[in-house]
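Read the figures in this text as sums done on the coordinates, not as results from a lab. Since this is a predicted model, take the numbers as computed values, not measurements. Here the Cβ is made from the backbone with ideal geometry for all residues, glycine too, and neighbour counts use every protein chain on show.
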Amino acid sequence: MAAPTSTARTVPRAPGTLGRALAHPVATVRWLWSAYMTPGTPGRPVSPTELRWMYTGWLVAFLLKMLGSSWDVSWHFRWLRDDLAPPHLLNSVGTAVVIALVVAHSYSGYAVDRRALRLMQWGIGLFLVAIPADIVNHRLFGLDITSWSPTHALLYLGTAIMLAGAIRGWWLYAAPGRTRTLISLGLWLFFFENVLFPNQHQEYGVLSLRDYRAGHTTAEPSLLDFAASQGQTPTQFMLPVPSWVHPTWLICAGLLTLVVARKVVGLRWTATTVAGVYLAYRCLAWLALVGAGFPPSAIPFVLIVGAVGVDLAVTYRLPGWAAGPLVAGVVYAVGAGQEALDLLPPWNWWSAIPVVVGFGVLWALVDVLARSQWWVRWRQPVEPFRDDAARDALRPIGV
């Protein structure tokens, strides 16, 4: 049996100052590769500093992707789609950083166990397959701003899977403390934003439709002509999904994500913190985009009500079958007022009963998993070298 890869290495001389490293990027990349990129297997020991820098890289990558995505959805409510539009390019820079990180984890084995690495690899692989599929989809069917298309769903799914890998890797290997909690919250924020991203179609569409009917639309004529050429009315183009979709997705996907985040991170106000930072970001993005002449969006402030409910329910150990309906019911009640003030897209109130019941079932399933042996096993790192070393240590001499 092959011996584990040695972690000892001679680190070459660093570029010096940060300014010098940035001024000579090729030399810097060569230094990083020779210093840290030696072949290894998942579970390879890594110092706290190296671990922190690798996962800070994940935060930077998804910050770029989030900025690009926020700009992108607003862009598509003003202009026709363009593969090389600035928001796409910004998102692509973030994707390039993610690819570099996955390659680094895969080659070196640093800062991941086997399951975390597989999630990262499958996630970025699915995302990269979805990109050309989405381009072909637009070419064949002319879709432009539809967030709820199958190829967009593949993009969201790939992003969620790779983020799940990053969340797992960081939580397994980071030492308990403030840094571990802060970076975990950051990763969960990006996961939460990715889950809720499709709902932005309705949040932009409801205001864009209102402006169109008032005679002062922010959409360019080419975009409106494109919709007409497809035989779509402005309502079909700007609000293409039924009114039950927004509240159902916000509660059964968005708030369920906060339930899982609260149980994994364990901080008392995890859900409230993630939802609050998300809403603060949406407000800042709104100011920046509207100030630059892009269309405005409705912001789902009702999320904060659901997030506080999640935190309180978990803190006071309310079972999911009871907490889910209670929290969902309060969200629907508060949503009625926000919709009346045009702060939400139209909600189908007949959806309240199945969503309230469904959210209770989903939360109860999370509770069952959290108490299961599967969850106990899932929390243990899968490290081939250490597993092999442990078996070798138990093997009798001469066998």
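In terms of surrounding Cβ atoms within a 10 Å radius of their Cβ, HIS105, HIS216, HIS88, HIS246 rank from fewest to most as HIS216, HIS88, HIS105, HIS246. Taking other Cβ atoms within 10 Å as a rough exposure proxy, LEU128, LEU89 sort from fewest to most as LEU89, LEU128.
Sorting the segments 368-381, 41-54, 174-187 by their mean number of nearby beta carbons within 10 angstrom, highest to lowest, gives 41-54, 174-187, 368-381. Name all residues of the range 316-333 having a backbone nitrogen under 12 Å from the label point set 7 Å from the Cα of TRP148 along its Cα→Cβ direction, giving them as ranges. Counting backbone N atoms under 12 Å from the label point, the list is empty.
In this calculation the C-beta distance from TRP53 to VAL136 is compared with R0 = 45 Å, giving a FRET efficiency of 0.75.
The three principal axes of the C-alpha atoms in the range 245-361 carry coordinate ranges of 47, 34, 18 Å, sorted with the longest axis first.
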